[in-house]
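Remarks on the structure that follows.
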Amino acid sequence: MNLEAVLKVGGSLSRGKGLETLCREIGRLGERHRLLVVPGGGDFAERVREADRRFHLDETAAHCMALLAMDQYGYILNQLIGGSWLTADLASACDATESGKVGILLPSAIIVRENPLPHSWRVTSDSIAAWVSLRTSSDRLVLLKDVDGLFTADGLIQEMMEEQLTQHAGGVDPYLSEFLASAAMETWVINGLMPGRLAELLETGGTIGTRIGRVKTGMSVRL
């Protein structure tokens, strides 16, 4: 479908003051780049976790409720990203990007219908966004979070292979490493509180953050 990037806008970004600035930048970038947004779960997903702990939900119920939490965050992003197109239909979301609109996917319907991922808290919006990126043959998956990327004790990891992610704890959901090991897509983890980094990535192909994929610069990290 020729998307330039699938952007996962992390729910953690809604807890500070930077989400509005990021969304303005995404709207501006969408005029020049074909961008599809997958919402995170944020505080809505936390309410599902609380309900799971209290009522001991089965995995499928918790999975479906967490997907609906992502839909709720999607409505917020639609309000903040000017001219964006909000839809539960993946083809429609991609078509909107052809006219300079940012597509925002409400993921619950398609994930429930196609059931491509395990029903587990190991799967969050990171892996769901990766599945959307694979399904749309996107050039790049960008996970926008409230940190600069993935870290070791020595600092920011600039670049890593997919298989190295299996040895890394934290920063992304536990299932993502398994998914990327078979999908082999270019994935970035960058700071959504620094919107200029997203612009730099889309314009130049690189920025401050962690690139996960086939190493192109030889700057892999030993984990």
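Out of H119, H168, one residue alone is in a loop (DSSP other than H, G, I, E, B), buried (at least 17 other Cβ atoms within 10 Å of the Cβ), of a type outside the set (A, V, I, L, M) and over 14 Å from the mean Cα position of the chain (by Cα). It is H168.
The condition of being crowded, with 22+ Cβ neighbours inside 10 Å and either in contact (Cβ under 8 Å) with a residue 12 or more places away in the chain or of a type in the set (D, E) (or both) holds for D126. Being closer than 28 Å to R49 by Cα, surrounded by 20 or more Cβ atoms within 10 Å (Cβ to Cβ) and aliphatic (A, V, I, L, M) is a property that does not hold for L80. Here L150 passes the criteria (1) hydrophobic (A, V, I, L, M, F, W, C); (2) more than 19 Å from T166 (Cβ to Cβ); (3) touching a residue at least 24 places away in the same chain (Cβ under 8 Å) except the one numbered (2). When A109, A153 are checked against the criterion of being modelled with pLDDT of 95 or more and of a type in the set (A, V, I, L, M), A109 stands alone in meeting it.
Selection over segment 37-48 of residues that are in contact (Cβ under 8 Å) with a residue 60 or more places away in the chain and touching an Asp or Glu at 6+ places or on another chain (Cβ under 9 Å) gives a count of 2. Only residues that are touching an Asp or Glu at 6+ places or on another chain (Cβ under 9 Å), under 17 Å from I26 (Cβ atoms) and crowded, with 18+ Cβ neighbours inside 10 Å were counted across segment 171-201, and they come to 9.
Filtering segment 89-106 to residues that are surrounded by fewer than 22 Cβ atoms within 10 Å (Cβ to Cβ) and outside any helix (DSSP H, G or I) leaves D89, G100, K101.
The values are calculated or read from the model by the stated rules, or taken from the named source; none is laboratory data. Keep in mind that what you see is a predicted model, and the values were worked out from it rather than measured. With ideal geometry, Cβ positions are generated from the backbone for all residues, glycine too; neighbour counts draw on all protein chains shown.
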